[in-house]
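S.K.: My structure is below; once you've seen it, I'll send some questions.
The values are calculated or read from the model by the stated rules, or taken from the named source; none is laboratory data. Quick caveat, the model's predicted, so the values are computed rather than measured. Cβ placement follows ideal geometry from the backbone for every residue including glycine, while neighbour counts extend to all protein chains displayed. Note: areas computed on protein heavy atoms with side chains; ligands, DNA, RNA excluded. Shrake-Rupley method; radii C 1.70, N 1.55, O 1.52, S 1.80 Å.
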Amino acid sequence: MPTRTYDGSGVDSLLDRLGLGGFDWTTAEATSGRNDNWLGRTAGGRRIFVKTIVGSAVEVAHCVRRTAAFYRIHTGAPPSALRTTTLLGQDEQAAIQVFDCLDGARDGRELARDGAFDQELGAQAGAAVGALHAVRPARLAELEESLPPLPRQYSLSALSAEVFYEASAAQLEAWRLLQPDPGVTRALTALERESEEAPRVPVHGDVCLDQFLIADGTVHLIDWEAFGLGDPARDVGDFLGEWLHHVVLGFLGDRAGNGSGRAVPVPTIALTSNWRPWRAARPTVEAFWAAYRTAQPVLSAGLAPRAVRYACRHLLLRMLTDAQFRPRLDGSGHTLFRLAKTILAAPERFTTILGLEG
């Protein structure tokens, strides 16, 4: 793992206040992620994970307070399928969070890449998300009102000057595809409106495959910085969108590595139940959905079609983030856009194809 120089005085101060002793920086390991993340031991030998959140004061406040809100609800609740890491403490001013370490854990993205995120893990993930959506804690609405609003990273109608000047050339190409397309923008604008009218439940708000840690065969859902009340279709759709993204990139990678030495044209994917790459991944999504339905036997009206549209939104956000460090929008970005556009034109037709049957 990479090593880097880091001022750990804030970490040591927080650990001292928590009664955990100092952090052993000599053996600590930096880990990947958009924040400053470290794995290591305290002076007393306890294995911990330390995260220093990177962002503005508003972003840090919303991350820290929403994390605290989740753990306030989760701690002391009856045992359920929702497992997570233990929050030992956090400091909003220093933007630092400290968690118990899950030794030997691998994240879901790694396992999916290795073909090891199977139906059993999909079922555990679905049960966890379903258990979260089934939580009905007292005063949750009041709690939500007391939290900082979630920042809107992307707007369909316009780009802020900050986003424009920080965007890569590839991201600007992606925006030129996205914003002038009336079918896509209308579908996603309608999704936002329908989501506002849907029953609000506790949601994770940022479900990605790497937000699932698997240790000893058990799934743990982590990273509660976007926790709050919302449309349950978002979490379901994000899980589905992650698998679509994973399958599409794997398919394109296989085509590019065909060994012919010739340029491979950007494909338009005909997504059907018989498309071989999706046929391999679909049982995991179906297991997720079946376990979710067991935890949530009564679904809000239109949840599955909304989840399919959220999966498309997830693909478009992936298109934008994948393009962050690229000089041009490559074939994968164009393929993700075409696929999302096709599904958004008739989401009800794709619910069964994508594994959200019933």
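S.K.: Mind listing the phi-derived Karplus ³J(HN,Hα) values for the range 102-112, rounded to whole Hz, using 6.51, -1.76 and 1.60 with θ = phi - 60°, and x for any glycine or proline?
M.R.: 9, 5, x, 6, 10, 8, x, 5, 4, 5, 4
S.K.: Where only protein heavy atoms count, and the probe is 1.4 Å, what is the accessible area per residue for the chain in Å²?
M.R.: 48
S.K.: Continuing with this model, one more query. Points 7 angstrom from Cα along the Cβ direction at VAL266 and GLU196: gap in nanometres?
M.R.: 3.3
S.K.: Could I ask something else about it? Among TYR165, TYR292, what's the order by accessible area (1.4 angstrom probe), most exposed first?
M.R.: Greatest to least solvent exposure: TYR165, TYR292.
S.K.: Averaging sequence separations of C-alpha pairs under 8 Å and six or more residues apart, then dividing by the length of the chain, give the relative contact order as a whole percent.
M.R.: In percent, rounded to a whole number, it is 20.
S.K.: Moving to a separate point now. Ranked highest first by the average count of other Cβ atoms within 10 Å around their residues, in what order do 194-206, 228-240 fall?
M.R.: So the peptides 194-206, 228-240, ranked by packing, come out 228-240, 194-206.
S.K.: Now a separate question. Per-residue HN-Hα couplings for the range 23-38, Karplus 6.51 cos²θ - 1.76 cosθ + 1.60 at θ = phi - 60°, whole Hz, x for Gly and Pro?
M.R.: Rounded to whole hertz, the list is 9, 7, 6, 5, 10, 5, 10, 7, 10, 6, x, 6, 9, 8, 10, 9.
S.K.: Helix by helix, which DSSP H runs in the chain go 20 Å or more along their axis at the Cα atoms and have an average Kyte-Doolittle hydropathy of -0.5 or more?
M.R.: Result, helices passing both filters: 57-74, 119-133, 232-256, 303-322, 331-345.
S.K.: Check VAL135: other-chain or 5+ apart residues with amide H under 5 Å from its amide H, H built from backbone geometry?
M.R.: The list, which skips near neighbours in sequence, is empty: none.
S.K.: Turning to a different aspect of this structure: Quick check: pseudo-label points 7 Å beyond the Cα along Cα→Cβ at ALA30 and ALA116, how many nm apart are they?
M.R.: With each label point 7 Å from Cα toward Cβ, the separation is 2.6 nm.
S.K.: In the chain, what percent of the accessible surface is made up of carbon and sulfur (1.4 Å probe, ligands and nucleic acids excluded)?
M.R.: The computed percentage sits at 52.
S.K.: Next up: R0 = 51 Å: FRET efficiency of ASP181 with ASP100, Cβ-based, nearest 0.05?
M.R.: 0.65
S.K.: How much mean residue ellipticity at 222 nm does the chain get from its helices, if each DSSP H run of length 4 or more adds -39500 (n - 2.57) and you divide by all residues, to the nearest 500 deg cm²/dmol?
M.R.: After summing the helix terms and dividing by residue count, I get -15000 deg cm²/dmol.
S.K.: Another question, if that's okay. Tell me, what HN-Hα J-couplings in whole Hz come from the Karplus equation 6.51 cos²θ - 1.76 cosθ + 1.60 at θ = phi - 60° for each residue of the range 206-217, using x for Gly and Pro?
M.R.: Here the 3J(HN,Hα) series is 7, 6, 10, 4, 7, 8, 9, 9, 10, 10, 6, x Hz.
S.K.: Sticking with this structure for a sec: Please list the non-local residues whose amide H lies under 5 Å from the amide H of GLY89, H modeled 1.01 Å from N, same-chain partners needing a gap of 5 or more.
M.R.: HN-HN under 5 Å from GLY89: VAL98.
S.K.: Taking the mean number of other Cβ atoms within 10 Å as a proxy for protection, how do you rank 269-275, 250-256, 120-126 from highest to lowest?
M.R.: Averaged packing, sorted descending, gives the order 120-126, 250-256, 269-275.
S.K.: Follow-up question, since we're still on this one. Could you tell me, in Å, what Rg and Dmax come out for the Cα atoms of the range 185-333?
M.R.: Calculated on Cα positions, Rg and Dmax stand at 17.0, 53 Å.
S.K.: Mind listing the long-range amide H neighbours of ASP36? Cut-off is under 5 Å, sequence gap 5 or more, other chains count too, H placed in the peptide plane at 1.01 Å from N.
M.R.: When sequence neighbours closer than 5 places are left aside, the close amide H contacts are THR52, VAL54.
S.K.: Could you work out the relative contact order of the range 253-358? I mean the mean sequence separation of Cα pairs under 8 Å and 6+ apart, divided by the number of residues, in percent.
M.R.: Over the range 253-358, the number comes to 39 percent.
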